[in-house]
Amino acid sequence: MEHGAAPEPEHAVEPADAAGEVTGSFARETDAFIAEADARLAAIEAAIAAVDDGSYGRCEICGNPVEAPRLAARLSERRCAAHDRAPLAEPRLF
Ligand SMILES: [Zn+2]
């Protein structure tokens, strides 16, 4: 009786540890997803603002029109092909 009566602490702790690891990983993935979504939303809002002020589709460096295929590939593209190699002011995610 006495031999099997005491609960083994390891069995009580392990599931909680495993759940904690999953929760931590899930939380990190969720944070990363939200950060990316926020960045995409900011890019969309910047593109809408550019449409409003008439600068949409113009290279932010030279002011020339951004080539149509570049805009088709990335609607928030802000640079023409000639200036695409220049360092970007912000990440382009959309
Ligand atoms: Zn340019």
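The values are calculated or read from the model by the stated rules, or taken from the named source; none is laboratory data. On a predicted model such as this, the values are computed, not experimentally measured, just so you know. For neighbour counting, all protein chains shown are included, and Cβ atoms are generated from backbone atoms with ideal geometry for every residue, glycine included.
Just a few scattered comments:
- ALA27 exposed (fewer than 11 other Cβ atoms within 10 Å of the Cβ) and at pLDDT 75 or above: yes
- Filtered residue count, the stretch 22-66, keeping only those that are assigned to a helix (DSSP H, G or I) and either more than 12 Å from the chain's Cα centre (by Cα) or basic (Lys, Arg) (or both): 18
- Residues that are free of Cβ contacts under 8 Å to residues at least 12 places away in the same chain and more than 18 Å from ALA43 (Cβ to Cβ) were ranked within the stretch 55-88; the one that is nearest to the ligand (Cβ to nearest atom) is GLY63.
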